[in-house]
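For reference, the structure discussed in these notes is given below.
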Amino acid sequence: MNMQAMLKQAQALQKDMLKAKEEIDNTEFVGESSLVKVTLKGTKEVVKVEINAKELDSDDVEALEDMILVAINEANKKIDDLTDKKMGKFSNIPGLF
């Protein structure tokens with residue numbers, strides 16, 4: 001394979017990687033627990049926290065904090081799973097990550 005063909009292949013691979021990363025970054029992921037729903041961007045930026053106040057007593061603040069933690073961690077796991085799925089095919093290329 002000549003250098004020109006290798007360069008074109010590398011450029012196409014880079015374009016595919018950037019497209020996959022952009023798709024992940026622009027996707028919203030939702031993590032939920034019984035009292036809390038959290039929405040994150042693929043960049044792991046929290047964009048929305050929803051609390052089911054109807055189910056919450058004033059004494060449940062500690063439980064609510066735990067539920068928020070669970071919801072955020074669930075949404076982050078979804079981001080990581082999709083990132084692994086879409087970007088994993090690029091991980092065996094030396095020098096990219």
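Some notes on this structure:
- Taking every C-alpha pair closer than 8 Å and separated by at least 6 residues, the mean separation divided by the residue count of the chain gives a relative contact order of 28 percent.
- Between 0 and 90 degrees, the angle of helix 61-87 with respect to the longest Cα principal axis of the chain falls at about 20 degrees.
- Which of ASN76, ASN52, LEU18, positive extreme of dipole for the chain (C-beta unit charges): LEU18
- Among MET6, MET17, MET67, the ranking by other beta carbons within 10 Å of each residue's beta carbon, starting with the fewest, stands as MET6, MET17, MET67.
- Alpha-carbon centroid distance for the pair the stretch 44-88 / the stretch 1-41, whole angstrom: 22 Å
- Sum of -39500 (n - 2.57) over DSSP H runs of 4+, divided by residues of the chain (222 nm, nearest 500): -18500 deg cm²/dmol
- Listed residue pairs exceeding 28 Å between alpha carbons, taken from LYS21/LYS54; LYS41/LYS85; LYS15/LYS37; LYS15/LYS77; LYS19/LYS77: LYS21/LYS54; LYS15/LYS37
- Candidate cross-link partners of LYS8 among the aspartates and glutamates, defined by an alpha-carbon separation under 18 Å and a same-chain spacing of 8 or more, comprise ASP16.
- Gain upon complete extension [ALA63, VAL47; 0.36 nm per residue less C-alpha separation]: 3.6 nm
- Cα-based Rg and Dmax for the chain, where Dmax is the largest Cα-Cα distance (Å): 19.4, 70
Readers should treat all values here as calculations from the given coordinates under stated rules, not as data from a laboratory. All values derive from a computational prediction rather than experimental measurement. Positions of Cβ are generated from backbone atoms using ideal geometry, with glycine treated the same way; all protein chains shown enter the neighbour counts.
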